[in-house]
1. So what's the convex hull volume per residue for the Cα atoms of segment A:53-149, in Å³?
2. Under a GNM of chain B (C-alpha, springs under 10 Å), which listed residue has the highest mean-square fluctuation: B:S23, B:S294, B:S249?
3. Summing -39500 (n - 2.57) over the DSSP H runs of n ≥ 4 in chain B and dividing by its residue number, what mean residue ellipticity at 222 nm do you reach, to the nearest 500 deg cm²/dmol?
4. Would you mind working out the magnitude of the charge dipole of the protein assembly as shown relative to its Cα centre, with +1 at each Lys and Arg C-beta and -1 at each Asp and Glu C-beta, to the nearest 20 Debye?
5. Toward the positive end of the charge dipole of segment B:222-291, about the Cα centre and with charges on Cβ (Lys, Arg +1; Asp, Glu -1), which of B:A234, B:G276, B:V250 goes farthest?
6. Find the percent of Cα-Cα distances in segment B:74-133 that exceed 14 Å, and round it to a whole number.
7. Over chain A, what per residue volume does the convex hull of the Cα atoms give, in whole Å³?
8. Order these by the 10 Å Cβ neighbour count, fewest first: B:Y277, A:Y271.
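Any read-out appearing in this document is the output of simple, stated calculations on the displayed coordinates, not a laboratory observation. Just so it is clear, the structure is predicted and the values come from calculations on it, not from any experiment. Reconstructed Cβ throughout: ideal geometry from the backbone, glycine too, with neighbour counts over all protein chains shown.
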Amino acid sequence: MKHFKQFKQMFAAQLKLTFREKQAWFWGIFFPVILMSIFMVIFSGSSDNEFSAKVAIVNENPNPTSEMLLQQLTSIPVLEIESGDTVSREKADELVKDQEVHAAIVLPESADDTSIFFIVNKENEQGVTTQALSGMLNNFVQQANLYAVGAVPTYELHFESITSSSNQLSYTDFLLTGMIALAIAQGGMFGMVDLVEMRRKGLIKRLRMTPANMNIFGLSDMIMRLLFSVIQIILLTIIGVFLFGANVYINFPSLLVVFLLGALSFNALGYFFSSFSKTSEAYMGVANIASFLMMFLSGIFFPIETMPEWIQPLSNILPLTYFVEGLRESMVYSTSIFSTGIWIAIGIMLLWGAVAFIIGSWLYKRKSIVATR
Amino acid sequence: MTVLDVKNLKKSFGTIHAVQDISFSVKAGEVFTIIGPNGAGKTTTLEMIEGLVPPDVGEIRFGEFNWDKHAKTIKQKIGVQPQSSAMFDLLTPEENLNLFATFYDKARPTEEILKLINLTDHRNNHVKKLSGGQRQRLAIGLAMISDPEIIFLDEPTTGLDPQARRNIWDIILQLKKLGKTTILTTHYMEEAEKLSDRVCIVDQGRIVTLDTPSALIEKLTEEREVRLSFINGAEAAEEANLYSNNLSSVTRTEREEASLILWSTDPENTLYNLFGYTKEKNYQVEQVSIREMSLEDVFIAFTGKEWRD
């Protein structure tokens, strides 16, 4: 009962301390929200739309062949035909030069003519759109050739895409889960600066002079941090889902376990940093290095597979890699808590946390109390 | 009744012998002051007594309790204001007091403490906005929240302006009135002299001397410096000089123009005789003074060091 009363008061104090600390709000809430919004606006704006290209079609001497080709070309949905009709050759050249259209297609001048011209601006010669258009046109011509000789194609390419689950991971979902992982990881790694400050100011020593139960103090501090992370998850998810259309399929037991163990592990890392940092500047330096390293190497903003191969082994040992993986499994793929994959991720992350905590505690104990004044 | 017994404390940090051999005991209800220059070992001594630093050698007893066996009990019975006056800067004085109150089995009402340390008006300001003196008062308040029997104040007035320093003196005197035992370290001689029942001078990790302030001063010297100046001029002073040289209690004299300075082991009788003589001669004495000895003189005499605040 006495312990509970002490816990209540300590927790209330922690709550006030956190709410009054403007830095905590900026770095913990405002910053991740802004960062996520910027990335989402940059990378997931119009690029999700389907490919399309504007072309001009020249059909100066309409003949059966050109008419047939024209009809088929207009039926391709990604081709937008300038002014909805055919144009003269001069006009087409002009449009290409002025880059009004991406390319001009000149249809055969007579029924016996077998060449189709594809005209692009020199500037765009190597562009992706040009490549795609010429590929399409090639395919188109080939089909026409086959048709002309009356052959039936033996092979056909069928295109299909799959992911590891029934739900597709869009970039928005990828980024949302990445930002949540990053925010919680940074909260843990940066948050323990309080401990350095408390030690520097002699507050830890002051509390040790009282009969205060330091375990209860630590517990109330930890619960406050977890609560703060819950706010981060909820806020980022709401913004991601409602503002940027992210899709989440949450498996709550998995999310709870991944979140709790992840937050604890990264707090343990912060605790480890604090055990050897004498000033808050030193602490922040260490936390910044760790945070930057992980931010770019752990697949927060882009998948690890897109990085150079030689750097991937490094990514594969970082704890954030596994935390973000666990979060994606539990928030996007709705992976059950009983799947092995999720526990491998959790295991590696926990190993980091446990080792950090053990070394941190050892360093704290090793130092005499006088040195921690 | 003795509430604190300290015997043969020793503590070294590497090659630095911070505390070499310190023993004293403190009685209930007294203000016991430890003074000494920087690095004399005051804070280390206090920290050993407060249970923060284990002594290399020596014994610390609070009545029947000691740190090895009764740490929890002792922590309930003592209140500490450390030099760093650490507290939660983003909480208000009231919140700090309430929080600290939950650490203890019994606590005095926050309201009462706020009044005692005169922070009722600032109860809702964040601590980081308080002045140095207000902060220091709160630190003392935090030390008193559990209504402890023994209060440790480690340099409570260092760095404060004279007014703020007087405010803290008032608090310490009130504590004394409440019957609390106070163990104080200070930099200021005036403070030690004004507040303490007993003073312990520490230098280089050892106790140089320990007694009541007045006994220390008396111990210091047997003769006092007496100064008289005569309206009738240098001649009168010279005649009085000759006369006082014959008095047995006078050890030495000096004359400066119309002033006579003499050193006497019995200034009261010397003056009685001297005034009898001047009355007879009809000389008029303009000013008389007996130089007060202060703890500062005691300090200089015992440590051979110039005192610096």
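1. It is 89 Å³ per residue.
2. Its mean-square fluctuation being the largest, the pick is B:S249.
3. On the way: 11 runs with 116 residues, N = 309.
Computed mean residue ellipticity for chain B: -11000 deg cm²/dmol.
4. That gives the protein assembly as shown a dipole magnitude of about 3420 debye.
5. After comparing all options, I get B:G276.
6. 59
7. About 192 Å³ per residue, rounded to a whole number.
8. Lowest count first: B:Y277, A:Y271.
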